[in-house]
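The values are calculated or read from the model by the stated rules, or taken from the named source; none is laboratory data. In this text the structure is predicted, and so the values were computed from the model without any measurement. Accessible surface is based on the protein model in full, side chains and every heavy atom, while ligands, DNA and RNA are left aside. Shrake-Rupley method; radii C 1.70, N 1.55, O 1.52, S 1.80 Å.
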Amino acid sequence: MSGVWVFDKKGVARLITNPTKESFEQKDPIYPGTSTAPGARPRVLVYLPTNQVISSYAELEQCLAELGWTRYNNISQPDLLQFHKSDASAHLISLPRNFANLRPMHMYDIVVKNRSFFEVRDPQ
C-alpha cells in the first residue's frame, strides 16, 4: 500500500493514496452530508423519481416514507437514525443522527436497498 498515513484528532490513522497539497488542507466538508476525507470527491444522494438532491433528513425521510420505510426508534443506539421497511423484513438503514456526518457508504446503503429510486452522484 503506497500513500501517506494521517492521524486525526482522535488518534485514528487512515491511508491517503496519491496525496495532494489540497487534500491535507481541506478541513470542512464542501457540501454538507458528504465525505470529508482529504482528497475525497464529494458525493450527493439523488432521489430519481423527482431528480431531487437530498439535502436534509426531512427530505430523505419523506422519500423513504413514500417507498414504505418507517423510522425505527432504537433506544440502545441514540446516535443513529434508523429506518426499516417492515416488521417482516430484515432490511435496516442506519445513518448518523447528524446529516453533516452522512458519508458515501451510508448513501450507497440507501441505494442498494432502493435500487431504482436513489443514486449517488458527483455534485454539479
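Pairs of C-alpha atoms in region 41-94 farther apart than 13 Å represent 64 percent of all such pairs. Under a 5 Å amide H cut-off, with hydrogens placed 1.01 Å from N, residue 43 pairs with 35 among residues at least 5 apart or on other chains.
Length available on full extension from residue 16 to residue 79: 0.36 nm per residue minus the Cα-Cα distance, which gives 19.9 nm.
Net length available on complete extension from residue 70 to residue 50 is 5.2 nm, with 0.36 nm assigned per residue and the Cα-Cα distance removed.
Segment residue 88..residue 6, full-extension length gain: 25.2 nm, with 0.36 nm per residue of separation and the alpha-carbon distance subtracted. Computed over protein heavy atoms with a 1.4 Å probe, the accessible surface of region 47-103 works out to 59 Å² per residue.
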